[in-house]
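The structure appears right after this line, and notes come after that.
The values are calculated or read from the model by the stated rules, or taken from the named source; none is laboratory data. Being a predicted model, the structure only gives us computed values, none of them experimental. Every residue, glycine as well, gets a Cβ built from its backbone with ideal geometry; the counts of neighbours run over all protein chains shown. Protein only, heavy atoms only, side chains kept; ligands, DNA and RNA dropped before computing areas. Shrake-Rupley method; radii C 1.70, N 1.55, O 1.52, S 1.80 Å.
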Amino acid sequence: MSQHFLVSARSRTLSLREIYAAGEEKNYATFCKLRWETTNGEPTCPQCGSLTHYKITTRRRFKCADCSHQYSVTSGTIFSARKLSYTNLLAGLCLFANAVKGVSALQFARDMGINAKSAFVMLHKIREAVAGETKNATLTGEIEIDGMYQGGKIRPANLAANRIDRRLASNQTGKRRVVVALRQRGGRTLPFVATSEAHGVQIAASVVEKNAKMFADEASHWDALHASFDTARINHSVAYSLDGIHTNLVESYFSRLRRMIEGQHHHVSVRHLNQYANEAAWKEDHRELTNGALAHRALGLALNQSRSKYFAGYWHR
Ligand SMILES: [Zn+2]
């Protein structure tokens, strides 16, 4: 019987024990290698691109010999204002990679020995970094599209006499959103947060190439897809899959996202829903990578992305 990949020894290539045993110098070298991949870890001035530099060894900083700019391995990246050691940052990335269904900020804070706010910010920075991998990506080939509604639920009052009609628009929170996801078979998953699933039609027009084939369920708003794409539909009241027509892969993505939200985060604000959707997509698309490869990939993405727009100020406090 074949073993599930995550259970096999070959999926495990990095552990917290190894990271802490390696020590700060070795973990720092990993940062340099992933930041300056093309020069095999040799520092490159972020200002002018020069390789000539002086080392300010006590602080692990460099001074460019050509333009005098001072920089470090995390300068200009989402980790630029870091307070944690390289060892602790790498451990955090390992915990992120190991959490196949995500990790709550509170659990991460306890594992890392940092406060909940720092944990929240660090996790969101990593999510932002991994999402950068598919920034401006387009899809082609066979693509499944579907939506998953999330949030905006009102708990019914204890006493029946106090309960309101939750179906009325005036009694709704306005916080209900839908994650519309497009998943290319054998390719990437792109999630978007919208107020209605029907917005998926416009989203498809902007990220799917014209010659692609689309797969959608029977919901009537997908009728509009036929005008722009070769589209096949599966009626779920008849079957989940018929002659290769199905949306099973995009459904697998939603099941990971749902387990992430319900099992780890419980409450997700409208503002951050896209971050969790991105994390789940990245993990779904790379589900066959080893945990070490995942952690290093996340670090590489974090070090090659400019400073966080959203969380720049948070880190200092
Ligand atoms: Zn320079």
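Quick one: which residue in Cys45, Cys64 is within 16 Å of the ligand (Cβ to nearest atom) and within 20 Å of Ala302 (Cβ to Cβ)? Reasoning before the result, please.
Details: Cys64 fails: within 20 Å of Ala302 (Cβ to Cβ).
Matching residue, one of Cys45, Cys64: Cys45.
Yes or no, residue by residue, for (1) surrounded by 14 or more Cβ atoms within 10 Å (Cβ to Cβ); (2) free of Cβ contacts under 8 Å to residues at least 24 places away in the same chain:
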{"residue": "Ser220", "(1), (2)": "no, yes"}
{"residue": "Leu225", "(1), (2)": "yes, no"}
{"residue": "Ser228", "(1), (2)": "yes, no"}
{"residue": "Thr231", "(1), (2)": "yes, yes"}
{"residue": "Val270", "(1), (2)": "yes, no"}
{"residue": "Asn278", "(1), (2)": "yes, no"}
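Cβ contacts < 8 Å: first residue touching a residue at least 40 places away in the same chain (Cβ under 8 Å), restricted to the range 55-73; second residue more than 14 Å from the ligand (Cβ to nearest atom), any location; separation 6+ or different chain. Result?
Going by the 8 Å Cβ cut-off, the qualifying pairs are Val73/Tyr28; Val73/Phe31; Val73/Cys32; Val73/Arg35; Val73/Arg60; Val73/Leu303.
Restricting to the range 256-268, and then to whatever is open to solvent by 50 Å² or more (accessible area, probe 1.4 Å) and outside any helix (DSSP H, G or I), can you tell me which residue is farthest from Thr195 (Cα to Cα)?
Result: His266.
May I ask you to verify whether Ser269 is under 17 Å from Ile143 (Cβ atoms) and at pLDDT below 95? Give the steps one after another, and end with the answer.
On the way: under 17 Å from Ile143 (Cβ atoms): no; at pLDDT below 95: yes.
It is false that Ser269 is under 17 Å from Ile143 (Cβ atoms) and at pLDDT below 95.
Every residue in the range 48-59 that is within 32 Å of the chain's Cα centre (by Cα) and either crowded, with 16+ Cβ neighbours inside 10 Å or more than 15 Å from the ligand (Cβ to nearest atom) (or both), please.
Arg59
Select from the range 233-255 the residues that are open to solvent by less than 30 Å² (accessible area, probe 1.4 Å) and part of a helix (DSSP H, G or I) and list them in ascending order.
Residues satisfying the conditions are Val250, Tyr253, Phe254.
Filter the range 45-84 down to residues that are closer than 21 Å to Lys26 by Cα, charged (D, E, K, R) and in a strand (DSSP E or B), then give me how many there are.
The total comes to 2.
Residue under question is Ala131, and the condition is that it be in contact (Cβ under 8 Å) with a residue 24 or more places away in the chain, in contact with a His (Cβ under 8 Å, 6 or more places away or on another chain), open to solvent by 10 Å² or more (accessible area, probe 1.4 Å) and away from the ligand (no atom under 16 Å from the Cβ); does it hold? Steps first, please.
Working: in contact (Cβ under 8 Å) with a residue 24 or more places away in the chain: yes; in contact with a His (Cβ under 8 Å, 6 or more places away or on another chain): no; open to solvent by 10 Å² or more (accessible area, probe 1.4 Å): yes; away from the ligand (no atom under 16 Å from the Cβ): yes.
When the stated conditions are applied, Ala131 does not pass them.
Here's a check for you: in the range 67-87, which residue that is within 16 Å of the ligand (Cβ to nearest atom) and closer than 24 Å to Glu128 by Cβ is surrounded by the fewest Cβ atoms within 10 Å (Cβ to Cβ)? If you could, list the steps in order and put the result at the bottom.
Residues of the range 67-87 that are within 16 Å of the ligand (Cβ to nearest atom), as a first pass: 67-73, 75-76.
Restricting the remaining residues to those that are closer than 24 Å to Glu128 by Cβ gives 71-73, 75-76.
On the way: Tyr71: 18, Ser72: 21, Val73: 23, Ser75: 18, Gly76: 14.
Ranking the qualifying residues of the range 67-87, first place goes to Gly76.
So, of the residues in the range 106-118 that are free of Cβ contacts under 8 Å to residues at least 60 places away in the same chain and farther than 17 Å from Met260 by Cα, which turns out to be surrounded by the fewest Cβ atoms within 10 Å (Cβ to Cβ)? Spell out the reasoning first.
Here is the first cut: in the range 106-118, the ones free of Cβ contacts under 8 Å to residues at least 60 places away in the same chain are 106, 108-116.
Now drop any that are not farther than 17 Å from Met260 by Cα, which leaves 109-116.
Details: Ala109: 19, Arg110: 12, Asp111: 15, Met112: 17, Gly113: 9, Ile114: 19, Asn115: 12, Ala116: 14.
Per the stated criteria, the residue is Gly113.
Considering only residues of the range 22-42 that are more than 16 Å from Ala91 (Cβ to Cβ) and charged (D, E, K, R), which is farthest from the ligand (Cβ to nearest atom)? Quick ask: steps written out before the conclusion?
Taking the range 22-42 and keeping what is more than 16 Å from Ala91 (Cβ to Cβ), we get 32-33, 35-42.
Restricting the remaining residues to those that are charged (D, E, K, R) gives 33, 35, 37, 42.
Numbers: Lys33: 21, Arg35: 15, Glu37: 19, Glu42: 14 Å.
My answer is Lys33.
Looking at Thr173 and the list (1) open to solvent by less than 60 Å² (accessible area, probe 1.4 Å); (2) among the hydroxyl-bearing types (Ser, Thr, Tyr); (3) assigned to a loop (DSSP other than H, G, I, E, B), which single condition is not satisfied?
(1)
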